[in-house]
Every structure is written in structure tokens, then in C-alpha cells.
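The values are calculated or read from the model by the stated rules, or taken from the named source; none is laboratory data. Worth saying up front: this structure is predicted, and the values here are computed from it rather than measured. Glycine also receives a Cβ, built like all others from the backbone with ideal geometry; neighbour counts cover every protein chain displayed.
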Amino acid sequence: MAAYDALPPDARRWVMQAALPWSARSVARLWGRALRDAKGDRAAAMARLAAAERRLLERDAPRVWGDGYLQAKG
């Protein structure tokens, strides 16, 4: 819980609504990289976190739920 509490507020808000069970360590690493790549733009960093999660869901959905799951939901 201490690792989660140490996350920046924006990263904590994002992980609270995330579809996947992210570890605080993974979020901290991803947030730091996203914020650096976005040159401090927090909104752009949040979008990068969302994109990373979307990529993981797109990668894993066929294996977990079968082909076409995300297309049927979209």
C-alpha cells in the first residue's frame, strides 16, 4: 500500500479506474517514462498510460475471451 500511496495523484487516479490490475511499481515506472516523454504534460502522460493499457488489452483479449471480443464490445 505504501508504494501505491507514493504514486503521484494523477497516476493514482488513473490506476483507480484502470481495467487491468496494475502494480504500483509498474504504474510508477510507466508514469515516469510517460511524463518524461510528454515533457511534463500530465494530460499527455495520462493518455500514454491509457494507450499502454489499451495495447495490453488488445494483445491479450483474443487469448482470454476469444477472437473478436473487443470488436464486438466497441
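Quick look at the values:
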| read-out | value |
| --- | --- |
| Residue match in the range 64-72 (condition: among the aliphatic types (A, V, I, L, M), touching an Asp or Glu at 6+ places or on another chain (Cβ under 9 Å) and assigned to a helix (DSSP H, G or I)) | yes |
| Filter pass, Val64 being of a type in the set (Val, Ile, Thr) and surrounded by 11 or more Cβ atoms within 10 Å (Cβ to Cβ) | no |
| Selection count where residues are in a loop (DSSP other than H, G, I, E, B), over 14 Å from Ala45 (Cα atoms) and of a type outside the set (Ser, Thr, Tyr), scope the range 8-28 | 5 |
| Matching residues, the range 36-72, being closer than 25 Å to Ala2 by Cβ and over 13 Å from the mean Cα position of the chain (by Cα) | Arg36, Arg42 |
| Hits in the range 1-17 (condition: under 21 Å from Leu57 (Cα atoms), surrounded by 13 or more Cβ atoms within 10 Å (Cβ to Cβ) and either within 10 Å of the chain's Cα centre (by Cα) or among the hydroxyl-bearing types (Ser, Thr, Tyr) (or both)) | Ala11, Trp14, Val15 |
| Residue satisfying condition, being at negative phi, surrounded by 15 or more Cβ atoms within 10 Å (Cβ to Cβ) and not hydroxyl-bearing (Ser, Thr, Tyr), within set Leu49, Leu56 | Leu49 |
| Filtered residue count, the range 18-28, keeping only those that are farther than 20 Å from Arg59 by Cβ and either over 14 Å from the mean Cα position of the chain (by Cα) or surrounded by 15 or more Cβ atoms within 10 Å (Cβ to Cβ) (or both) | 2 |
| Cβ-Cβ under 7 Å pairs, at least 6 apart or on other chains, the range 29-43 side surrounded by 11 or more Cβ atoms within 10 Å (Cβ to Cβ) and in a loop (DSSP other than H, G, I, E, B), far side of a type outside the set (Ser, Thr, Tyr) and modelled with pLDDT of 95 or more | Ala38/Ala44; Ala38/Ala45; Ala38/Arg48 |
| Residues of the range 16-50 satisfying the condition of being among the β-branched types (Val, Ile, Thr) and at pLDDT below 95 | none |
| Of all residues in the range 51-72 being closer than 14 Å to Leu20 by Cα and acidic (Asp, Glu), the one that is modelled with the highest pLDDT | Glu53 |
